[in-house]
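Structure first, then comments.
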Amino acid sequence: MTTPGSVAAPYPGSAVEGAKRARVRNLSRRLAYTLVVASFGAAYGALVFIVGEAWGAHAFAHSAFAFSASFLIALLVGIPLLGMVQRRLDALVSSRGPGSRLAIRALLGQMASSTDLASLVRRALEAMTADLELERVALFLVPPQRSDFVLVSAQGERPTQEQLQADHPLVQMLAALHVELTRQTLASHPRYANVRPQCLETFDRLGAEVLLPIETGGELVGLLVVGKPRQPFGSEAIELLRTLTVEIGLCVVRARDADRLRDAKLELERFARFLPRAIASNVLAGRLPGEGGRRRAVTVVACELDGFSTLAEELAPEELAQLLGKFHAIADEETAKQGGTLARVRGGTVVALCGDPEPSPDHVQRGIRMATRLRARARALCAQSVHAGPALDVRIGIDAGVATVGFIAVGARLDYHVIGQVMLSARALCAGAGAGEILVGESTLRAAATIVGSEPAGVVTPVSGASLPAHRLTAVEGAPLAS
């Protein structure tokens, strides 16, 4: 299959191959003529010799008689014989010569899986023009969302009419007949008497000798316009043209299906931008999330820009949106690196979790690494931010536990939720953390004891009302957290 801008590889049936076949045919005609003349010359010489031997002195007179007789025989027998020889040689050249309909036959073998309609149509018309020695050939198709037939490609002289309406009598006849219509049939058959003048005029404008319908599922989607050939069409040529129209129709179906699939994928990609990155990847891969959520062991990381509320009152909306865009992008990138899901983005607060959509036995360690890197990059962003408001920093809370995660119905729509005590605990730890601090719960600390250093940080009180011991991280994987 060729792509736009590429060049198709040479194949039998090009213009060069057509010229070669024409030279071979001319040579065969000359050879046949020479053979016939030589044969009759030899016969004449033999006849003169035999007559001279038999009649002696009267050889000259009888030789003249023999010459006249042989000349008449040449006229009566030689010319038809020459025609027979020529037709036989032409048949041999057509069936076994350089062309041998090879371009069309080779193309038929490639059409079964092709979806590149433009390239296939161009090559099909080139093959027909060369193999069948046509003056012109053209293809009309019905574009999507339209009903009229539009010229999409042509070889030779272009038709003077480049569009046909769906209600044209010629189109309606082809749709009803489901077979080709020739100029000769149209001009002679009495059933076409009422529409003959208009249809013959259209044949003239199209430069057509034969019109073949292109159908998909019984619906007429195109017309193949075949011009006058150098030699009359045989049954083999007509059958090849019919096969080509069938294959072009199938390629039209494949091309349109490919277009619909591409459009659907683009729509899905646009829709996926409204979903968390990890969920969107599953959706694009065809793994649609179920409704109602699922029970999962997860680690929830809640991160908030400290001082954001005050800053929001002083910065222009455009400056605030730019700052938040960078912060949210950092959170999304770091969450994706740990295979997690950015579950919630609300102004200066983001909530991410590890362990969903794919279960992860080391979700606690992943959550801590994510929080550490998010803290470092977010603090660097805050330090680079130039504004007249208060200084920004980040605070983070982490807790691990079991939650119901996934798409939960909210009225008529679905929204991604994390439901459970672990969510409330992580948000309470985030609210209780100081600027630049990471607070974790006891269950999180126990699961990650081998990679973190910590110190007690008192207790926090989630919305549920139960006190939660908190621990401040001082080191992760042997590296102290910068203050």
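The numbers here are math on the coordinates, done by the rules we state, and not lab data. Here the structure is a predicted model, which is why all the values come from computation and not from measurement. Heads up, the Cβs are rebuilt from the backbone with ideal geometry, glycines too, and the neighbour counts pull from every protein chain shown.
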Between GLU267 and ARG295, take the C-beta separation as r, use R0 = 35 Å, and let me know the FRET efficiency to the nearest 0.05. 0.65
How big is the gap, in Å, between the Cα center of segment 467-483 and the Cα center of segment 329-349? 21 Å
Amide H to amide H under 5 Å from SER153: which residues, 5+ apart in sequence or cross-chain, H placed 1.01 Å off N in plane? LEU139
How much length is gained if the chain between ALA466 and THR404 is pulled fully straight, taking 0.36 nm per residue apart and subtracting their Cα-Cα distance, in nm to one decimal? 20.3 nm
ALA380-GLU319 pseudo-label distance in nm [points 7 Å out on the Cα-to-Cβ vector]: 2.4 nm
What does the extension gain come out to for ARG230 and ALA258, with contour length at 0.36 nm per residue minus their alpha carbon separation? 6.3 nm
Take every Cα-Cα distance within segment 102-260, group them into 5 Å bins from 0 onward, and report for each bin the whole-number percent of pairs it holds. 1, 9, 20, 24, 21, 15, 6, 2, 0
With each label point set 7 Å from Cα along the Cα-Cβ vector, what nm distance links GLU135 and ALA479? 8.0 nm
Treating the beta-carbon of each Lys and Arg as +1 and of each Asp and Glu as -1, no other charges, what is the dipole magnitude of segment 102-260 about its Cα centre, to the nearest 20 debye? 60 debye
